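Let me begin by presenting the structure, written as structure tokens, before commenting on it.
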Amino acid sequence: MSTPAPHTPGPAAPADSRPGPTPAPAPQHDAAPGTASINGTPVPVREGFTLTDAVADLTGREITPRGTAADGHPLGIAVAVDDTVVPRSLWATTTVAPGQSVEIVTAVQGG
């Protein structure tokens with residue numbers, strides 16, 4: 001009868017190295033869904049961001065749903081979205097979408 005050789009552990013067997021299915025990428029949930037260009041500057045826009053919000057952010061003034069300053073002083077502002085002027089009566093209902101270009105201009109007196 002022979003004596004069995006002592007067991008010497010060899011290198012650890014590698015984990016199953018066969019290629020498996022590639023996991024699907026996790027869905028992206030950005031805090032800001034996208035940006036629009038306002039006067040040439042990228043600005044994050046959220047759902048429901050309107051031209052009224054854009055004008056208020058730019059001027060630092062509260063803007064009414066009619067597109068006028070809440071303090072009663074004149075704004076002297078015009079707004080265009082993708083090269084189309086938007087009447088101030090529509091600012092509150094015109095949302096800014098990612099990828100759009102918004103230009104907010106002020107009237108200047110003199111010549």
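Each value in this text was obtained by applying a stated rule to the coordinates, not by laboratory testing. What you are looking at is a predicted structure, and each value in this text was computed from that prediction instead of being measured.
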What list of ³J(HN,Hα) couplings, whole Hz, do you get for segment 89-95 from phi and the Karplus terms 6.51, -1.76, 1.60, once you set θ to phi - 60° and write x for glycine and proline? 5, 9, 4, 5, 10, 9, 8
³J(HN,Hα) across segment 42-55 via Karplus (A = 6.51, B = -1.76, C = 1.60, θ = phi - 60°), whole Hz, x for Gly/Pro? x, 10, x, 10, 10, 4, x, 6, 10, 5, 4, 4, 5, 5
